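The values are calculated or read from the model by the stated rules, or taken from the named source; none is laboratory data. Please read these numbers as outputs of a predicted model, since none were measured by experiment. As a convention, Cβ positions derive from the backbone with ideal geometry for all residues, glycine included, and neighbour counts pool all protein chains shown.
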């Protein structure tokens, strides 16, 4: 089984992003298409 991994630094969401604050829905639409998110602190 072949796999493909692409890593990107994604800017953090701001409070109220779902209401259009900051990049809002524009940002959320970019990450909607991913199969998984790996969160590193």
Residues within the stretch 22-41 that are out of contact with any helix residue (DSSP H, G or I) (no Cβ under 9 Å at 6 or more places or on another chain) and either at pLDDT below 75 or in a helix (DSSP H, G or I) (or both), tallied: 5
Across (1) surrounded by fewer than 10 Cβ atoms within 10 Å (Cβ to Cβ); (2) modelled with pLDDT under 70, residue 13 clears everything bar (1)
